[in-house]
Amino acid sequence: MSLTSASLRATQHASRRLGALAPVSHALSPPHRGQKRSLNTQPAYEGHVPLNWFEAGFLTVGSALMALANPRRGDMVAALGDLTSGPVLPRLRDAMLESAEGRQILKDRPRVNSHTVDMDKLALLPEGTFGNAYVTWLERCGVTPDTREPVHYVDDPELAYVMQRYRECHDFYHCICGLPVNVESELALKFFEFANLGLPMAGFAAAFGHLRLTHAKRERLFREFVPWAIKCGSSAQSLITVYWEKRWEQNVDEMKKEFGIWDPPEPRWSRPLSEAKAAAAKRQKAAEARLQEASS
Amino acid sequence: MHRSLRQLRPLVSSSKSRLCSVSAVRHNHQDAQTTASTSAGHANPAANVNSGEQGSRVTHFGFKTVPEEQKENLVRNVFESVASSYDVMNDAMSLGVHRLWKDDFVARLKPGARGPMRCIDVAGGTGDIALRILDFAREKYADRETSVDVVDINAEMLKEGYKRFKKTMYHNTPQVAFKQANAQAMPESEFPSNTYDLYTIAFGIRNCTSIPDVLKEAYRVLKPGGTFACLEFSRVNNPLLSTLYDQYSFSIIPLLGTILAGDRESYQYLVESIRKFPPQPEFAKMIADAGFTTGAMHEGKGGAWTDLWGGIASIHTGVKI
């Protein structure tokens, strides 16, 4: 065997070995390789994008830079969250397995979006219930439970669901803590989430998000909200285990006592509460009228 | 904080949904793809049209197999999504090297050397080649009569080109015109036969559904003596370079698409479409089959094509006698 053919064989062997590391996500490996795709490059669930260690590192750095440069890129914040959540997600999943409610969530795998949450039904619930409080909060802040960026970069399907559940329940945390959606309240909630759940992304957002605030707001954040967030978040029950969709009729104050949550310092609401209440009442009347029409 | 996402990405989600709808087709043809093209060089990549199981004509869209009629739509969606960030993405993905390739391409053609030329740049949306042609003619030969018709199937890309030209001295002059047309079927009323001295197509022909049709149209609109020139990604023959290039293409480029443009699917398509394009000798033969006179079937001086950077890109030329 001549030297040249031996070295050519070595190069080909090396290229095949390197090729085996090639992550191919949704694509086949280049056909002219003639190699089979290894099992772990198949997507494990819809929207899954398998990455090898190099790509994961590249995307982590890239999405961090992009998220800092342009915080409106929600998909980059989500990607960073997916990629940094590694060690914490199994702990959250185990916390869910330890509680009966959490086990039910893992079995049912409920999703939270405008289709699965019946806003009209919730509007009919009496004041003081969680469902009513949630709808009022949505109206007051002017947001909807629209679909958040789906999870792409978590490899295990169950852990991917836990991550997705965390993202979709973010608004419920807003509601139960009584915090609006402006920047300082979001940051306070990130501190709370970090203390309660331990997700690194919440920690990053907490650690770096305040750099964009004015001095006065930052001062208020650290003086009033952060102590509340850390004390309350760390002592409260792990909120990932709460099956929110089954607690619409429950009294909010009862729930807060059950979880061990107390109110934060009064945050800054952009719309006065009475306006939102009027809008909620109007909605309730409209929903009732629709029901009456349907039944008659 | 993440709420505004939905408003920012309508184009991406619509293109994504269209791409997802053909994934079922892809899985059915998965085995057919791998068995049909195993050893070095594809079995028959020039025949990008085969009969599917239903008897309908299918072609490739990256590594997916799609009905022929759909490919045009899918490609259009890809380029609609990428149009606004196209130039930024090109710079990021090629680390600026695409500029060198395009400069080399235009320099070899020497537009304006033998007097003013009528040029047509097809799939030339954002105007990279057109601008280089006009600048070359002006700077080297003091030629202000050479004109370029920029043709693209996609209005969004043409809009970007128009915007770029507005920043130059050629805006509102007869030297540049923007026309929307399909390279495979350019209407005779707008593009009469035997009109142009130079036909260029850079990094566009691999997105066309039927390459022979594009070549036929090119032959038609060129004057006798006119030159056909194509700059396109091609086959890298060196195995080491090829491995590195593949790793880079399949790992880094889709991620750059995700990070910079929020669109992984389009860039996955782009790197896959490069792999499906016929290698240099086959493409040179297709050009010769369309009626052009080309160099000998080898690379380099006197040959039908010239490789750039080891074959990552390649320039094919032909002349209409």
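Listed values, structure above:
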quantity: Phi-based couplings in Hz for region B:231-237 (Karplus 6.51, -1.76, 1.60; Gly and Pro marked x); calculated: 10, 8, 5, 9, 8, 8, 8
quantity: Karplus (6.51, -1.76, 1.60) ³J(HN,Hα), θ = phi - 60°, over region B:192-207, in Hz, Gly and Pro reported as x; calculated: x, 5, 6, 10, 9, 8, 9, 10, 10, 9, 10, 6, x, 5, 6, 8
quantity: Of the trypsin sites (Lys or Arg not before Pro) in region B:227-321, those whose Cβ has at most 11 other Cβ within 10 Å and which sit in DSSP loop; calculated: B:K301
quantity: Distant-in-sequence amide H partners of B:Y196 (H built 1.01 Å from N, under 5 Å); calculated: B:L222, B:K223
quantity: Using θ = phi - 60° and Karplus 6.51 cos²θ - 1.76 cosθ + 1.60, couplings along region A:240-250 (whole Hz; Gly, Pro as x); calculated: 5, 8, 8, 8, 4, 5, 9, 10, 4, 7, 6
quantity: Cut-off under 5 Å, modelled amide H: who pairs with B:V58 long-range; calculated: B:N50, B:G52, B:E68
quantity: Test item: B:59-68 mean partner chain Cβ contacts at 10 Å; calculated: 1
quantity: Two-site label geometry, B:K166 and B:D87: point separation in nm, points 7 Å out along Cα→Cβ; calculated: 1.2
quantity: Protection proxy ranking, peptides A:81-88, A:162-169, A:123-130, average beta carbon neighbours within 10 Å, highest first; calculated: A:162-169, A:81-88, A:123-130
quantity: Whichever lysines have a C-alpha closer than 20 Å to that of B:K64, once near sequence neighbours (fewer than 8 apart) are set aside; calculated: A:K36, B:K16, B:K276
quantity: Peptide-level mean, for A:59-68, of C-beta atoms on other protein chains within 10 Å; calculated: 2
quantity: Number of partner chain Cβ atoms within 10 Å, mean per residue of A:70-77; calculated: 6
quantity: Cα gyration tensor category, rounded, prolate or oblate, for region A:53-295 with a/c compared to 1.5; calculated: prolate
quantity: Spin-label model distance (nm) - A:L291 vs B:K301, 7 Å beyond Cα toward Cβ; calculated: 8.9
quantity: Proximal lysines to A:K282, defined as alpha-carbon separation beneath 30 angstrom and excluding residues fewer than eight positions away on the same chain; calculated: A:K121, A:K246, A:K256
quantity: Region A:53-295, relative contact order in percent, only Cα pairs under 8 angstrom and at least six apart counted; calculated: 25
quantity: Highest average packing first - B:147-154, B:251-258, B:103-110, Cβ atoms within 10 Å; calculated: B:147-154, B:251-258, B:103-110
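The numbers here are math on the coordinates, done by the rules we state, and not lab data. None of the values given here were measured: they were computed from a predicted structure. Because the Cβ atoms are built from the backbone with ideal geometry, glycine has one as well, and the counts that use them run over all protein chains shown.
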